[in-house]
Amino acid sequence: FESKLPNLGVSIFSQMSGLANQFSAINLSQGFPEFDAPALLKTQLNYYVQQGVNQYSPSSGVPRLQQQIANLVERKYAAKINAAEQVTVTSGATEALFVAIQTIVRPDDEVIVFDPAYDSYQPAIELAGGKAVHVALSAPNYTIDWQIVSQAITKNTRAIIVNTPHNPSGKILQPQDIKELKELVSAHNIFVISDEVYEHITFDGQQHLSMLRDEQLREKSFVISSFGKTFHSTGWKMGYCIAPAHLATEFRKIHQYVTFSSFTPAQHALADMLEQQGEHVDELSGFYQQKRDLLIKHLSDSRFNILPSQGTYFLLLDYSDVSDLNDVDFCHWLVEQAGVAAIPLSVFYKQPSNDKVIRLCFAKNDETLIEAAQILCQL
Ligand code: PMP
Ligand code: GLN
């Protein structure tokens, strides 16, 4: 049997969380909150299960959740979208990314991907018969050189995947980036797959520049988000994709044969949450900024060099002054010998970089962050 994905193994997130458990280490590797989902969300999930709301939802989603998503988008990005035609509820952002890629990528199409890149993009592109064209960004600022992006575009380029705020760097696209992206998209007739799962986690007053804010980009984009990040519920695997109606129609043809529909009681609970406690979304940036700052403060006496984090719940550390090991070996050493699990940055690159950088997830209780920082300060 010939594998369709011969170069893929178990994801780094599963590997590192597995090692964290095995060595009873503090797990700052895989990105998930240590704290619980909001009480209302849990109560409402229970409520709908008990009420017998346990059968298939419409394939594109429960209409009242689609409407709440459209309302949120209008409130945040001043974008008027048609909930019934444009919003599709999916089983996590991972499903939405996969389906969006299958919707537009044909054999031999090229898709531009920025490295470090989230790990699900490349396999989804390959399974569609396409080719990922990697544009590498570097520490410490991970700034996009749009000249290089422009040179990477060929007649086969079908789409460009952007991720803002960016996992793992925490980088947020700036107005100039959006302007450059817009020019490329209109000059070359390419689509944008915009991974905005950390859209509500931005720091220091930075604005998240969703593709939905811009009328021209909106017409060419699949905008993807995840309730897992927004409502501390990564295990529910609930997300969505917003696209222009004609693209959403095509997206839904594939979605209906990947999952058909997503978990119905959770869709109702999420609609209640958005309707009744919309402020949770607005408080998320402040909540995580406090955690970022706490971790930075407690690492200030360490020998790690802290890179800027503008959003997401990740912080990058340069460990050049701590160890000569490469980042994969360093992370193994760190989890096994020091008791802290982190993610090596090189795994997010097609051409592994030699940067000595690791990623920490700070979606953890304050005590956990302080305890981890104390260990790191001793290295
Ligand atoms: N994209 C990025 C950048 C992510 O960090 C994640 C979550 N780790 C996802 C997509 C997937 O989100 P979900 O868990 O909703 O599938
Ligand atoms: N998105 C999470 C991260 O970046 C992991 C998700 C997963 O384990 N697939 O850590």
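What to note about this one:
- Label-to-label distance for GLN176 and HIS188 is 2.0 nm, based on points extended 7 Å past Cα in the beta-carbon direction.
- Secondary structure note: in the chain, about 45% of the DSSP beta bridges are antiparallel.
- Taking other residues whose beta carbon is less than 12 angstrom from the beta carbon of THR154, and scoring Lys, Arg as +1 and Asp, Glu as -1, yields 0.
- Between amide H atoms placed 1.01 Å from N, distances below 5 Å from ASN163 occur with ASP195, all of them 5 or more places distant or on a separate chain.
- Scalar couplings 3J(HN,Hα) for segment 196-212, obtained by applying the Karplus form with A = 6.51, B = -1.76, C = 1.60 to θ = phi - 60°, are 10, 5, 9, 4, 9, 10, 10, 10, 6, x, 5, 9, 7, 9, 5, 4, 5 Hz; x denotes Gly and Pro.
- Distance between segment 303-373 and segment 78-105 - C-alpha centres, whole angstrom: 32 Å
- If you wrap the Cα atoms of segment 39-277 in a convex hull and average its projected area over all directions, you get 12.4 nm².
- Take 49-57, 267-275, 254-262, 161-169 and order them by the average number of nearby Cβ atoms within 10 Å per residue, most first; the result is 161-169, 267-275, 254-262, 49-57.
- Taking only the Cα atoms of segment 270-339, the radius of gyration and Dmax are 17.1, 51 Å.
- Around ALA187: net Lys/Arg minus Asp/Glu count, Cβ-Cβ under 14 Å: +2
- Exposure proxy for ASP214, ASP204: other Cβ atoms within 10 Å of each Cβ, ordered fewest to most, give ASP204, ASP214.
- A cut-off of 5 Å between modelled amide H atoms, ignoring neighbours fewer than 5 places along the same chain, links VAL133 with VAL111, ILE112, VAL113.
- Working ranking of peptides 355-363, 152-160 by packing, defined as the average number of other Cβ atoms within 10 Å per residue, highest first, is 355-363, 152-160.
- Convex hull volume per residue in cubic angstrom - Cα atoms of segment 134-201: 91 Å³
- Cβ crowding within 10 Å averaged over residues, with 133-145, 226-238 ranked highest first: 226-238, 133-145
- Sequence-distant residues sharing a close amide H with ILE26 (under 5 Å, placed H): VAL340, ALA341
- Formal net charge of residues neighbouring PRO58 (Cβ-Cβ distance under 15 Å; K, R +1; D, E -1): +2
- Considering helices alone, the calculated mean residue ellipticity of the chain at 222 nm is -12500 deg cm²/dmol, with DSSP H runs of length four and up weighted by -39500 (n - 2.57) and normalised per residue.
- Residue-span extension gain [ALA78 to SER300] - 0.36 nm each, minus C-alpha spacing: 76.0 nm
A short reminder: the numbers here are calculations on the coordinates, not readings from a lab. The model shown is predicted, which means the values in this text are computed figures rather than measured ones. When we count neighbours, we look across all protein chains shown, and the Cβ atoms used for this are built from the backbone with ideal geometry, even at glycine.
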